[in-house]
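Asker: Handing you a structure now.
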């Protein structure tokens with residue numbers, strides 16, 4: 001059974017493999033991270049772990065029984081008002097199977113119980129129908145337009161859920 005785990009330093013190889021293997025798949029619905037992301041991956045991963053330890057963000061990975069990463073689910077821009085933004089991505093081989101929806105729902109529970117959050121927001125592009133479905137099924141509702149700078153230059157919508 002896959003397990004949602006807080007990001008750790010030792011997840012780096014599995015996260016890099018996940019990102020590399022799924023890069024082309026992700027680029028079909030969200031902006032590509034670019035070559036620099038992969039070239040500087042270790043430093044970026046270490047920085048994420050440090051941000052998490054400082055309480056600025058909460059980064060999670062969905063880990064399969066074999067240790068591979070099936071998805072990433074992040075709470076970032078955590079505010080003193082107990083809000084955060086949600087971002088996520090799942091591997092191509094599990095997309096469309098309810099994995100993202102179930103894990104977003106689990107993360108919503110953790111956002112409240114573990115991180116003391118009250119409201120989560122997520123932006124998705126108009127073209128990313130799969131993400132819109134995940135958010136809607138997980139109890140998020142559209143609350144307004146997302147600026148293209150939030151979505152790699154694409155038009156989209158902010159969704160929100162109280163947790």
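Values quoted throughout were computed directly from the atomic coordinates according to the rules given, and no laboratory measurement underlies them. Predicted model, so just to flag it, every value in this text is computed and none were measured. Glycine also receives a Cβ, built like all others from the backbone with ideal geometry; neighbour counts cover every protein chain displayed.
Asker: Label-point separation (nm) for residue 46 and residue 8, each offset 7 Å from Cα along Cα-to-Cβ?
Answerer: My value for the distance between the label points is 1.9 nm.
Asker: Considering only 77, 29, 149, give the residue with the highest GNM mean-square fluctuation for the chain, with springs between Cα atoms whenever their separation is below 10 Å.
Answerer: 149
Asker: With a 10 Å cut-off between alpha carbons and a GNM built on the chain, which of 40, 53, 106 moves the most?
Answerer: The residue that fluctuates most here is 40.
Asker: Please report the spacing between the Cα centers of segment 28-68 and segment 99-163 in Å, no decimals.
Answerer: Computed from Cα coordinates, the inter-centre distance equals 18 Å.
Asker: Okay, which of segment 49-91 sit inside 14 Å, backbone N to the point 7 Å along the Cα-Cβ direction of residue 28?
Answerer: 90-91
Asker: While we're on this one: Output the Kirkwood hydrodynamic radius of segment 3-119, Cα pairs only, in Å rounded to one decimal. Each step should come with its number before you reach the end.
Answerer: On the way: mean 1/r = 0.0680 Å⁻¹.
Evaluated over segment 3-119, this radius sits at 14.7 Å.
Asker: Compute a Gaussian network model of the chain, connecting alpha carbons closer than 10 Å, and tell me which residue from 105, 19, 65 fluctuates the most.
Answerer: 65
Asker: What do you get for Rg/Rh over segment 103-156 if you use C-alpha atoms and the Kirkwood form of Rh? Working shown, then result.
Answerer: On the way: Rg = 12.2 Å, Rh = 12.1 Å.
Rg/Rh: 1.01.
Asker: Oh, and also: Could you check how many percent of all C-alpha pairs in segment 29-82 are farther apart than 15 Å?
Answerer: Values: 904 of 1431 pairs.
Of all Cα-Cα distances in segment 29-82, 63 percent exceed 15 Å.
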